[in-house]
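Take a look at the structure below.
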There are 2 protein chains.
Amino acid sequence: MFLPLIFSFALTTPVHALSIDGARLNGTLQKLAEFGKNPKGGVSRVAYSEADKNGREYVLSLMKQAGLATSVDTAGNLIGIRNGSKPDLKPIIIGSHIDSVPEGGNYDGIVGSLSAIEVAQTLQDHNRFLRHTLKVIVFQNEEGGHLGSRAVTSGLTPDDLALTSLSGKKIGEGIGFIGGDPDRLEQGKIAKGDFAAYIELHIEQGGVLEAEKAIIGVVEGIVGIRRWNVTVTGVPNHAGTTPMRMRRDAMVGAAEFISGIHKLILKTHGRQVGTVGKIDAEPGAPNVIPGKVRFTFEVRDLDSKKLEKLYQDALSLAHRIEKENGTAFDFKETYNTAPVLTDDFIKSQIKAAARNRSFRTLGLPSGAGHDAQEFARLGPMGMIFIPSRNGVSHSPEEFSSPEEVADGAQVLFDAVELVDQR
Amino acid sequence: MFLPLIFSFALTTPVHALSIDGARLNGTLQKLAEFGKNPKGGVSRVAYSEADKNGREYVLSLMKQAGLATSVDTAGNLIGIRNGSKPDLKPIIIGSHIDSVPEGGNYDGIVGSLSAIEVAQTLQDHNRFLRHTLKVIVFQNEEGGHLGSRAVTSGLTPDDLALTSLSGKKIGEGIGFIGGDPDRLEQGKIAKGDFAAYIELHIEQGGVLEAEKAIIGVVEGIVGIRRWNVTVTGVPNHAGTTPMRMRRDAMVGAAEFISGIHKLILKTHGRQVGTVGKIDAEPGAPNVIPGKVRFTFEVRDLDSKKLEKLYQDALSLAHRIEKENGTAFDFKETYNTAPVLTDDFIKSQIKAAARNRSFRTLGLPSGAGHDAQEFARLGPMGMIFIPSRNGVSHSPEEFSSPEEVADGAQVLFDAVELVDQR
């Protein structure tokens, strides 16, 4: 009579469900916040700074404490290995990053990094071994453009290495500074199919989970981004002596586009977003009708066809405005990353793990980029989100409660165990 | 039988109509263009520069040649007097300025200044004396804010004198440099009612006369200007993780205002103009929803009630946008000059002068400020416009043809004679 129940239990959760130690995890979160701490809250721990280097030392000590075999790969990523019971199975990779933006917060990347170590620590505490090898990675310089994760997946170019990072060091120098070897990056690379799963826990950095009162976000994918520099050219002229009907006002053209494309993106079915973040006018005097207005325009969505459709809609709108007010629009694409989708099986196991703990879940896209997207090109990837208070991120006000952090780490632990049983 | 005709003729034109020398006038225009000449055309003859000082010397020599009794007033304005036959009549003042904006043109102010001297030269050539004393004034630093004309009308403040001009010299220093005495400005002041008429010839600096194929613009007044710094405050947020419906996007608010107020000004009956010339967004990154957008907004019209109405309309529009997209608008007034109207009698005499020469006229407002507006507060003022090619001004492309310049000067001469007969 009880057999079917036991059978079903065994399929979805480990025989003895283990609990991570939320207090311990939140303790390490507080301690790491000391490295690069700002007087007004949050941290400035940009990659390759002293604060970054010291923070990494602390993280490495936590990895060792958790029984992981540690190393620094040639890209400067921190690696911690816990061997699995089946040596022929590819590893399950979990991790995130601990570098921050200038005047950043204490949660972005950090929650995922320390939770991954907490997963290893919990396994160690209970002397439990997964079937798969567990590989914890703390990536370097995520905020500068996923440098660490790109180095070991698609690779870095000499141009990447020559770029100056926010620390003042060139990327290549920075990698050397934190113990990597920029001349031997190829050695650290991970090939397609070299891992069983990549799972990253992260804060949402948006306000959807909070608004929907969900504890766990099951990420459906990471949006693609297309970004343009748009220039509207009209005719600069005297703001007093040029009658309204004789104007070819670049500012009015730009305003009509920005207002129009916003309405269009709002009314289009789906979760696409579009933003104009930067604008300036030339010559830029209060008493001169602008002859040129330049602004940035970007769209994000999980579907690249949708992105192309939005671009075509933008072009049509611009064309209509050109005819109406005698201006000319020019779009120069400056950025184009394809959307990546999360793996269906990993997604289902994250959902199951959350349901087993009675955590309300919500499926949502990640509107921000993550190290995870670099791995999605090489194998199955999944992501878990926890709520961000008021949706704020990249700021000292960034916050997720100790409970939310612990719940996220628990779901990460459980999902790893579920995926391990496949 | 012929008497009524002769009688009517005597009422509107002098018995022997004189012609100004258009070739001579255009010759002096070309010579003055050598002072501060730019390689790519036009002049940079900003007030108080060496080019300005040398150009003024040349203009002073022209005044002397025209038989004018010359002086430099304490404000640094060049003065040329030709006594009238009725010493008890107040003078008729004609003139303009010869300073330019950086990389300016060869017509703005210059046409009016040299035409005023040509009027005196023509009278001298024919040994003709007006009833009124003729006072030619070439004002200093019109482009910097009507410094010369304000000095002798409403006066300058210590703050005005302490401002740094485009020459690098403080206004006070500049006045000394060109032969004025900043400590004795009161001495140069002209009181209310101290002149019979002020008449200024100027290029239109707009494209209305050209579009309407008119040779002479009869200026109806100089528009009032109200200008604001507008700040739209929303909530800065991540451009990827913030769904469209959760945004309080300051850029969208600003765009809706700029587009909306343009439509409103266009559809309002009248000749009012409104311009947004300068804009920027904060933080100003392509991937951040702007939390603040700042822009300038100005309106110009001959009717101050209309200006106030447009301001109230702008506030209502802003209020509607605030409600719709959760942003807050703030308007700070930075500039407010009242409109001034031209004198009906002078206007009628300019029109009559042009009609007598068979020049097509058009009544229009001046959308730009002029020295004339300072004088309008103290007595009867009139202005004559000639066409600006393509409406361009403050640029090396500024152009009015030699014929247009000569026609303008002729109408100035004739109008002065008509007004003199009153």
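The values are calculated or read from the model by the stated rules, or taken from the named source; none is laboratory data. Only a predicted model underlies this, so the values are computations on that prediction, with no experimental measurement involved. No Cβ is skipped: glycine too gets one built from the backbone with ideal geometry, and neighbour counts run over all protein chains shown. When the accessible area is computed, the model is the full protein with side chains, heavy atoms only, and any ligands, DNA or RNA have been set aside. Shrake-Rupley method; radii C 1.70, N 1.55, O 1.52, S 1.80 Å.
Mean sequence separation of contacting Cα pairs (under 8 Å, at least six apart), scaled by the length of chain B, corresponds to a relative contact order of 23 percent. Within the protein assembly as shown, DSSP assigns beta bridges of which about 70% are antiparallel (rounded to the nearest 5). Are there residues in the range B:262-288 whose accessible area shrinks by at least 50 Å² when all protein chains are included rather than the chain by itself, and which are they (probe 1.4 Å, ligands and nucleic acids not counted)? In the range B:262-288, residues shielded by partner chains: B:His262, B:Leu266, B:Val273, B:Thr275, B:Gly277, B:Ile279, B:Pro286. Structure remark: mean-square fluctuation, Gaussian network model of chain B, C-alpha springs under 10 Å; the largest value among B:Gln349, B:Gln140, B:Gln272 belongs to B:Gln272. Got a number for carbon plus sulfur as a percent of the range B:224-337's accessible area, 1.4 Å probe? The computed percentage sits at 52.
Phi-derived couplings, Karplus 6.51 cos²θ - 1.76 cosθ + 1.60 at θ = phi - 60°, listed residue by residue for the range A:269-279: 5, x, 10, 4, 10, x, 9, 10, x, 9, 7 Hz, with x used for Gly and Pro. Each 10 Å bin from 0 upward holds the following percent of the Cα-Cα pairs of the range B:224-337: 15, 45, 28, 11, 2.
Amide H contacts of A:Ala75: A:Asp181, each under 5 Å away and 5 or more positions distant or on a separate chain (H built 1.01 Å from N in the peptide plane; Pro and chain starts excluded).
To the nearest 10, the accessible area of B:Tyr107 is 30 Å² with a 1.4 Å probe.
Mean separation of Cα pairs under 8 Å and 6+ residues apart, divided by the residue count of the range A:279-339: what relative contact order is that in percent? Show your work: numbers first, answer last.
Working: 34 pairs, mean separation 14.1, N = 61.
It rounds to 23 percent for the range A:279-339.
3J(HN,Hα) couplings calculated from phi for the range A:56-63 with the Karplus curve 6.51 cos²θ - 1.76 cosθ + 1.60 (θ = phi - 60°) are, in sequence order, 5, 4, 4, 5, 4, 5, 5, 4 Hz; Gly and Pro show x. Distant-in-sequence amide contacts of B:Asp301, defined by a placed amide H-H separation under 5 Å and a gap of 5 or more residues or a different chain, comprise B:Gly224.
Towards the positive end of the charge dipole of the range B:88-156, with charges on Cβ (+1 Lys, Arg; -1 Asp, Glu), say which of B:Gln124, B:Asn141, B:Asn106 has the farthest Cα. My answer, from the dipole projection, is B:Gln124.
Can you tell me the 0 to 90 degree angle between the C-alpha axis of helix B:304-325 and the longest principal axis of chain B, rounded to 10? Tilt relative to chain B: about 10 degrees.
When chain B is treated as a Gaussian network with alpha carbon springs shorter than 10 Å, the biggest mean-square fluctuation among B:Gly155, B:Gly291, B:Gly179 belongs to B:Gly291. Residues in the range B:224-337 average 42 Å² of solvent-accessible surface per residue, probe 1.4 Å, ligands and nucleic acids excluded.
I need the calculated FRET efficiency for the pair A:Arg184 and A:Leu89, taking r as the beta carbon distance and R₀ as 22 Å, to the nearest 0.05.
Numbers: r = 27 Å, r/R0 = 1.24.
The pair A:Arg184/A:Leu89 has a calculated efficiency of 0.20.
Here's how it looks for A:Lys170: its modeled amide H is under 5 Å from those of A:Ser165, which are all 5 or more places away or on a different chain. Computed from point charges on the beta carbon alone (+1 for Lys and Arg, -1 for Asp and Glu), the dipole magnitude for chain A about its Cα centre is near 740 Debye. Measuring heavy-atom accessible area with a 1.4 angstrom probe and counting protein chains only, the residues of the range B:363-392 that give up at least 30 Å² relative to the chain alone are B:Gly367. Report summary: the helix-based calculation at 222 nm, which adds -39500 (n - 2.57) for every DSSP H run with n ≥ 4 and divides by the residues of chain A, gives -11000 deg cm²/dmol. For the range A:105-122, putting each phi into the Karplus relation 6.51 cos²θ - 1.76 cosθ + 1.60 with θ = phi - 60° gives couplings of x, 9, 10, 4, x, 5, 4, x, 5, 6, 5, 5, 5, 4, 4, 5, 4, 5 Hz, in residue order, rounded to whole numbers and with x for Gly and Pro.
Computed FRET efficiency, Cβ-Cβ of A:Asn38 and B:Gln421, R0 56 Å: what is it to the nearest 0.05? Computed FRET efficiency for A:Asn38 and B:Gln421: 0.10. Counting only the backbone N, which residues of the range A:137-160 are under 20 Å from the spot 7 Å out from the Cα of A:Asn54 toward its beta-carbon? Correct set: A:140-141.
Put a dot 7 Å past the Cα of B:Phe331, heading toward its Cβ, do the same for B:Ser304, and the two dots end up 1.7 nm apart.
Excluding B:Asn83 itself, calculate the net charge of residues whose Cβ lies under 11 Å from the Cβ of B:Asn83, where each Lys or Arg counts +1 and each Asp or Glu counts -1. Don't skip to the answer; put the middle values down first.
Working: positive: B:Arg82, B:Lys86, B:Arg131, B:Lys135; negative: none.
After counting each charged neighbour, the total is +4.
Could you grab the relative contact order for the range A:224-337? Cα pairs under 8 Å, six or more apart, rounded to a whole percent. Before the final figure, lay out each step's value.
Working: 217 pairs, mean separation 52.9, N = 114.
46 percent.
Rounded to the nearest 20 debye, the dipole magnitude of the range A:115-218 is 340 debye, with +1 charges on Lys and Arg beta carbons, -1 on Asp and Glu beta carbons, and the Cα centre as origin.
Each Lys and Arg contributes +1 and each Asp and Glu -1, all at the Cβ; summed about the Cα centre of the protein assembly as shown, the dipole is approximately 1360 debye. The DSSP beta bridges internal to chain B are antiparallel in roughly 70% of cases. Note that the protein assembly as shown, at 4 °C in a medium of 1.567 mPa s, gets a Stokes-Einstein diffusion coefficient of 41 µm²/s from its Kirkwood radius over C-alpha pairs.
Which of the listed residues, B:His97, A:Ser401, A:Leu362, is farthest toward the dipole's positive end in the protein assembly as shown, when Lys, Arg count +1 and Asp, Glu count -1 at the beta-carbon? Final value for the positive-end residue is A:Leu362. Between A:His269 and B:Asn356, the distance separating the two model label sites (each 7 Å from Cα on the Cα→Cβ line) works out to 7.7 nm. Summing both sides, the accessible surface hidden between B and A at a 1.4 Å probe radius is close to 4100 Å². Over all Cα atoms in chain B, the spread is summed up by Rg and Dmax: 24.1, 91 Å. Put a dot 7 Å past the Cα of B:Asp125, heading toward its Cβ, do the same for A:Ala338, and the two dots end up 8.0 nm apart.
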